[in-house]
Amino acid sequence: MTDQTRLAPGDAAPDFTLPSDTESEVSLGGLRGKKVIVYFYPAAMTPGCTKQACDFTDSLSSLQAAGYEVLGISPDKPAKLAKFRERDGLTITLLSDPDKNVLREYGAFGEKKLYGKTVEGVIRSTFVVDEDGKIAVAQYNVKATGHVAKLRRDLGLG
């Protein structure tokens, strides 16, 4: 395994501006003053990623009530993200990072094990960015299923 940059609590969250599934630009810096959950997933419309996106959607109103916004980022193009939203009734913000620059800045792209082989790809990861733009929580290699419930417990949201 190569040594990849990993973010840790207290680090400044790398700022980004990416296109959403509606082609509008979303900037992390534009959400300063809010707590933001940024999660990276490999591909829209695959079973694990769909489960995770649906779990975040199901929790969105309670997360927003606790002051959190949710941004899901994958290498998919905006048009595919729009289909994903429509197909699964997603209400979270989906962002497109086809160049994988933001994925790399967060340490969410690189070597990983897949079915016993080392491959390069998206490392399913979740970050909580505080109101000041600092990393509050950094979780790498998270599971698609049950992750949102665990994150809610970690954040003291039950």
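Going by the alpha-carbon gyration tensor, a ≥ b ≥ c the square roots of its eigenvalues, is the stretch 70-158 rounded (a/c under 1.5) or, if a/c is not under 1.5, prolate (a/b greater than b/c) versus oblate?
Note, shape of the stretch 70-158 comes out rounded.
Starting from the Cα of residue 83, draw a straight line to each of the aspartates and glutamates and keep only those under 14 Å, dropping any in the same chain fewer than 8 residues away.
Answer for residue 83, where 14 Å is the Cα cut-off: 21, 23, listed by chain and number.
From the square roots a ≥ b ≥ c of the eigenvalues of the alpha-carbon gyration tensor of the chain, which class results: rounded (a/c under 1.5), prolate (a/b over b/c), or oblate?
Because its axes are fairly even, with a/c under 1.5, the chain counts as rounded.
What list of ³J(HN,Hα) values in whole Hz, one per residue of the stretch 123-139 in order, does the Karplus curve 6.51 cos²θ - 1.76 cosθ + 1.60 (θ = phi - 60°) give from phi, with Gly and Pro shown as x?
9, 4, 9, 9, 10, 10, 9, 7, 4, 9, x, 9, 6, 9, 9, 10, 10
Can you give the helix-only mean residue ellipticity at 222 nm for the chain, where every DSSP H stretch with n ≥ 4 adds -39500 (n - 2.57) and the sum goes over all residues, rounded to the nearest 500 deg cm²/dmol?
Computed ellipticity for the chain at 222 nm equals -8000 deg cm²/dmol.
Determine the alpha carbon to alpha carbon distance for each of 35/112; 112/134; 51/113 and list only those over 23 Å.
35/112; 112/134, as the Cα separations exceed 23 Å there.
As a test, work out the antiparallel percent of DSSP beta bridges whose residues both lie in the chain, rounded to the nearest 5.
Percent antiparallel among DSSP bridges in the chain is about 70.
Where a ≥ b ≥ c are the square roots of the eigenvalues of the C-alpha gyration tensor, would you call the stretch 35-105 rounded, which needs a/c under 1.5, or, failing that, prolate if a/b is larger than b/c, or oblate?
It is oblate, given that a/c is not under 1.5 and a/b is not larger than b/c.
Given H placed on each backbone N at 1.01 Å, which residues far from residue 123 in sequence or on other chains put an amide H within less than 5 Å of it?
Those lying under 5 Å, H to H, from residue 123 are 109, 110.
Around residue 157, which amide H atoms from residues at least 5 apart in sequence, or from another chain, sit under 5 Å from its own amide H, with H modelled in the peptide plane?
Excluding prolines and chain starts, which carry no amide H, there are no hits.
Can you give the FRET efficiency for residue 132 and residue 23, using 1/(1 + (r/R0)^6), R0 = 30 Å, r = Cβ-Cβ distance, to the nearest 0.05?
0.55
Coordinate-derived values only; no laboratory data. The structure presented is a predicted model; accordingly, all values stated were derived computationally and were not measured. Counting neighbours? That spans all protein chains shown, and the Cβs are built from the backbone with ideal geometry, glycine included.
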